[in-house]
Amino acid sequence: MPEHDPLNFITSLGAKLATRSRHVCAFLGAGASRACGLPDVPELQKRVLDKLNKADQKALAAQLSGRNLEQALSRLRRIAALLSDKQTIDGLTATEAVNLDKSICKAIVGELDIANANLSPAVMFAAWIARSKYHLPIELFTINYDLILESALETLGVPYFDGFIGVLKARFQTELVEAVPGRDREVVPAYFVRLWKLHGSVNWTWETEQHVIRLGTPAASDDHVAAIYPSDAKYEESRRVPFVMLQDRFRRSLHENETLTIITGYSFGDDHLNEMIFDAALRCERSEFVVFCYSTIPEVLAKKAALTPNIQVVTGKEAILSGQRACWSLNPNLPHGLWIDEQFALRDFKCLAEYLAKSVRQDSPDNNKLSELLALLTKTPEPATSLEPKEEPKPNA
């Protein structure tokens, strides 16, 4: 029976990461935040239900039948937009749907408070970004609402742009989000990381029914309702900003030539995002997509990876590489920390972030500070060259 060699995979991944001319994207799902101690989607849904009063619990439970939390929110917003006077759908009036929406969003903000989170994995991930010297800006995409990534980037002083300009009431800048990396018309400097939150954030709120702003703190008060997940309740173009704009940015970024996209913590449960990922992999043969799954490989992903060689899928026990699905072979020469509990460790965001942080050449002027921080986070001295990849030769034009 064929087997995949984890050392060969690590060597190949390191070479890809070392190519400074690459356009690099990372896509983080709920598993990344879970690695930092925050709830994943099923746990968040359970906690939100527990925080609501009895009447709201019953109403939300009805909306969750056959749907997830985001789909339930979207349905509530459609109900609120469609009804007038005393009409009801699912026993809810328009006013009751709006109030339930607010209660759910407030509960989500409370459950995603990062005060008690463990930021170490995210800080190591940010350390990789801080040390990287790619010619084009790194683009981070996430469907998580929490402030884990922002906090980690700010801990290390990494400048980033999230589409908004301002501090107290930051406004979305469409023209800056649409700018293409490396083009003359781009205004935001290349050393600014791009952070794109596709499904909203706990510190986004509706200034009016049509406009989203970013606050300096989470929208936890009764005066501010968090703008979480795009609503299709109203079809005015302005209502869909920034959600549609950011999803379009995701699509265009994946179609950049020779893009390396790292996907972690994502269960492939969003059909719309899946379609954009798979379409880019099919159309851009020189781009590569490396997916790290914590447990099993989602069936929809397995089918696509089997037919699309530039999609690599990695789990603790097995991998799909070059379209072939096989178990890992045990290689005694694996660097320390890459094989834990008889499984390939990079399936876990914590281990992946640590590997990435140690994989970059250490020639940054802030390297001493970063090295000290990494040593503190990992509780072991950082090896000088153990995980440093070699430069990958540039492909022929």
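Every read-out reported here was derived from the displayed coordinates using simple, explicitly stated rules and does not represent laboratory data. This one's a predicted model, so the numbers in the text were calculated from it and none came from an experiment. Here Cβ is always computed from backbone atoms with ideal geometry, including for glycine, and neighbour counts include all displayed protein chains.
Placing R0 at 51 angstrom, the Cβ-Cβ distance between residue 11 and residue 211 gives a FRET efficiency of 0.55 after rounding to 0.05.
Structure shown: which of 46/304; 46/106; 106/169; 169/197; 58/102 lie over 22 Å apart, alpha-carbon to alpha-carbon? Please list the in-between numbers first.
Details: 46/304 32 Å; 46/106 14 Å; 106/169 19 Å; 169/197 17 Å; 58/102 16 Å.
Beyond 22 Å: 46/304.
List the GluC sites (Glu not before Pro) within region 280-353 that DSSP assigns to loop and that have no more than 12 neighbouring Cβ atoms inside 10 Å. Passing both the DSSP loop test and the Cβ count: 285, 342.
For residue 190 and residue 151, calculate 0.36 nm times their separation in residues minus their Cα-Cα distance, and state this gained length in nm to one decimal. Walk me through the intermediate numbers first.
Details: separation 39, 0.36 × 39 = 14.04 nm, distance 2.05 nm.
Additional length available on full extension: 12.0 nm.
Taking label points 7 Å from Cα along the Cα-to-Cβ direction, residue 244 and residue 47 give a separation of 3.3 nm. The loop-placed trypsin sites (Lys or Arg not before Pro) in region 3-52, going by DSSP, include none that has at most 13 neighbouring Cβ atoms within 10 Å of its Cβ. Between residue 68 and residue 102, the simple label model (points 7 Å from Cα in the Cβ direction) yields a spacing of 2.8 nm.
Report, to two decimal places, the Cα Rg of region 33-106 normalised by 2.2 N^0.38 Å (N = number of residues).
Details: Rg = 13.0 Å, N = 74, 2.2 N^0.38 = 11.3 Å.
The reported ratio for this selection is 1.15.
Relative to one another, the C-alpha centroids of region 125-140 and region 29-44 are positioned 23 Å apart.
Using Cα pairs closer than 8 Å and at least 6 residues apart in sequence, work out the relative contact order for region 306-351, in percent. Intermediate results must be reported in sequence, preceding the final value.
Numbers: 55 pairs, mean separation 14.2, N = 46.
Across region 306-351, relative contact order equals 31 percent.
Label separation (residue 317 vs residue 303): 2.2 nm, computed from points 7 Å beyond Cα along the C-beta direction.
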